[in-house]
Amino acid sequence: VSTQSTGSSGINAEYGDDNFDVEKSKQAQADKISERAYLDGPRAHNTGIKGVKEDARAYRRYILEKEQEKFDDLAKAAARFALNEAPKSDDEFDLDEDEEFMATYRAKRMMEMKEKATPTFGGIRELTEKDYCDTIDNAYSTTDVVVYIYEDHIAACKRYKEYLPRIAQEFPKCMICCIRASRARMSANFIQRGLPCFIAYRGGDVKKAWVNIRDTIGDDAEYDVLVEGMQDNSVLPYN
């Protein structure tokens, strides 16, 4: 007949570890006893129909408690993954941290929802006299509507208009539009002295105008120079 050591000293002697966790060992033994009771059948402990039902209910409660513990741990781990944090081990979960985690998670979700609510464009809209005002007035309240005013017979206007598709791609949250000065009913004096011109609108109002950009960057500047000038003059945002 085999013999087993009993008590904490016996458990330590059995496993050869002075630092062995007695409480964990007891819990593990209790789990095995509960599982063995279920496998052996409820009649091993109670007799009669009432005894059988009571054993079955007791074991179901035990299983549900264990499943709830696993669910709670998984929920905490999922919250950590959502925050792009490495999950901690089971022993490191701290209920005191839940409020901080949830506050950070809510802030992150609000930022994501705000970004999704902000429309993106990526293309150019050629405006006419009829839809010029409607396009500006109906834009999203936080969207910058950047309008390039030009005339094809002016070399600098034609040159800088070629950069608009690239600008629209690199600044997709800005609505990039263009319109001929004559269609916008600009005066002959403005066409001669003010073009090419960028006007930025937000919320239906003029945010900034960069008139006669040739005075600043010349007639044939490179793309990066144009964009830098637009940013310096608050026509485009700094990415």
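Laboratory data are not the source of any read-out in this text; all were calculated from the coordinates shown. These figures come from a predicted structure and were not determined experimentally. Virtual Cβ from ideal backbone geometry, glycine too; neighbours counted across all protein chains shown.
Some observations on this one:
- Sum of side-chain charges, Thr216 neighbourhood, beta-carbon under 12 Å (Lys, Arg +1; Asp, Glu -1): -3
- Charge tally around Glu126: other residues with Cβ under 15 Å, Lys/Arg +1 each, Asp/Glu -1 each, net 0.
- Debye-sum result for region 126-172 in log10 I(q)/I(0), which assumes one identical scatterer on each alpha carbon, at q = 0.29 Å⁻¹: -1.11
- Charge dipole (region 109-239, unit charges on Cβ, about Cα centre) - positive-most of Asn138, Phe190, Trp210: Asn138
- The string of couplings for region 101-107 from the Karplus curve (6.51, -1.76, 1.60, θ = phi - 60°) is 4, 5, 5, 5, 5, 5, 4 Hz, one whole number per residue in order, with x for Gly and Pro.
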